[in-house]
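In what follows, a single structure is set out as structure tokens and then discussed.
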């Protein structure tokens with residue numbers, strides 16, 4: 001369940017679930033990141049990129065149309081079993097032909113490459129040192145290299161290659177505290193701009209008759225009002241979303257998301273007695289996971305942050321019924 005909800009394109013934090021806040025002044029670092037995000041959402045582009053973590057590599061092809069404030073996107077996984085993600089604004093459909101399975105997530109927000117921000121980051125330079133490097137080429141295009149070095153041990157660092165002409169993110173690396181690359185993703189070929197026929201963002205599958213369909217939906221929720229609270233958020237992280245998700249089985253799961261604009265941490269809350277409730281810690285790529293019982297509920301904390309940060313969040317979550 002957790003990996004399904006935090007998989008690319010199905011778990012992005014969304015400020016729309018919380019009351020609007022006054023705009024904060026943008027720093028130069030925030031402006032650079034906002035330009036990257038804007039390009040990912042509004043540019044037309046078609047390309048192939050490679051994702052690498054450890055000794056594993058995966059190639060994907062993305063076709064993106066941004067027009068009239070709407071987004072249409074098709075992501076095809078090119079290695080292993082066939083998988084296609086079709087996104088229309090905040091609905092994502094995942095087609096798995098080998099399993100004859102269609103998964104539909106409503107109210108989803110895409111945070112997969114080449115998008116980067118999980119939430120607005122006006123104070124990014126309070127928690128990261130942002131610097132510009134030399135111009136380097138990626139996929140035949142000149143890019144500005146941007147380095148974000150964390151000011152503490154609670155988050156990873158990043159190195160970004162932003163297209164000079166459009167701002168689109170063409171390559172990204174995630175770095176540990178020694179500057180060692182933990183994961184990287186980058187385009188190997190890319191076309192930006194121009195008209196893209198909408199037929200290119202349709203699923204390859206022409207019929208899903210006889211397939212199993214699993215639907216995941218979420219609605220805004222007041223989990224804090226129900227008694228859940230965070231006694232001490234990690235510095236720089238703020239609550240950006242509270243929702244209640246309904247799984248295909250009908251089981252409901254609460255979710256609170258914290259973000260510093262770049263990294264996001266999700267706290268999933270569900271009743272005891274569900275499937276696969278085993279306490280402990282696990283790691284999948286950069287994603288650290290901690291699961292435990294708390295106040296008669298089952299908590300699962302997930303995020304692309306160091307394990308110490310995950311533990312800090314898990315230790316600070318409290319439940320006070322009737323609060």
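So residue 293 fits all but one of (1) within 25 Å of residue 151 (Cβ to Cβ); (2) assigned to a strand (DSSP E or B); (3) more than 16 Å from the chain's Cα centre (by Cα); what number is the exception?
Condition not satisfied by residue 293: (1).
Can you tell me which residues in region 33-64 are at pLDDT 90 or above, more than 19 Å from the chain's Cα centre (by Cα) and farther than 22 Å from residue 140 by Cβ?
Result: 56, single match.
Can you find even one residue in region 311-323 that is assigned to a loop (DSSP other than H, G, I, E, B), in contact (Cβ under 8 Å) with a residue 12 or more places away in the chain and buried (at least 21 other Cβ atoms within 10 Å of the Cβ)?
Scanning region 311-323, I find no residue that is assigned to a loop (DSSP other than H, G, I, E, B), in contact (Cβ under 8 Å) with a residue 12 or more places away in the chain and buried (at least 21 other Cβ atoms within 10 Å of the Cβ), so the answer is no.
Can you tell me which residues in region 272-303 are touching a helix residue (DSSP H, G or I) at 6+ places or on another chain (Cβ under 9 Å) and free of Cβ contacts under 8 Å to residues at least 12 places away in the same chain?
Across region 272-303, there are no qualifying residues.
Let me spell it out: the conditions are (1) in a strand (DSSP E or B); (2) within 17 Å of the chain's Cα centre (by Cα), and residue 155 meets all of them except one. Which number is the exception?
Only one criterion is unmet by residue 155, namely (1).
Across region 168-190, what is the total count of residues that are in contact (Cβ under 8 Å) with a residue 60 or more places away in the chain and more than 26 Å from residue 237 (Cβ to Cβ)?
Qualifying residue count for the region: 6.
Quick check, is residue 72 closer than 30 Å to residue 250 by Cα and at pLDDT 95 or above?
Against the criterion (closer than 30 Å to residue 250 by Cα and at pLDDT 95 or above), residue 72 qualifies.
Mind checking which residues of region 83-103 are touching a residue at least 24 places away in the same chain (Cβ under 8 Å), over 21 Å from the mean Cα position of the chain (by Cα) and farther than 14 Å from residue 214 by Cβ?
Once the filter is applied, which keeps residues that are touching a residue at least 24 places away in the same chain (Cβ under 8 Å), over 21 Å from the mean Cα position of the chain (by Cα) and farther than 14 Å from residue 214 by Cβ, region 83-103 yields only 97.
Looking only at residues in region 246-303 that are out of contact with any strand residue (DSSP E or B) (no Cβ under 6 Å at 6 or more places or on another chain) and on the phi > 0 side of the Ramachandran plot, which one is surrounded by the most Cβ atoms within 10 Å (Cβ to Cβ)?
261
The values are calculated or read from the model by the stated rules, or taken from the named source; none is laboratory data. Keep in mind that this is a model prediction, so the values were computed, not measured. Using ideal geometry, Cβ is built from the backbone for each residue, glycine included, and neighbour counts are taken over all protein chains shown.
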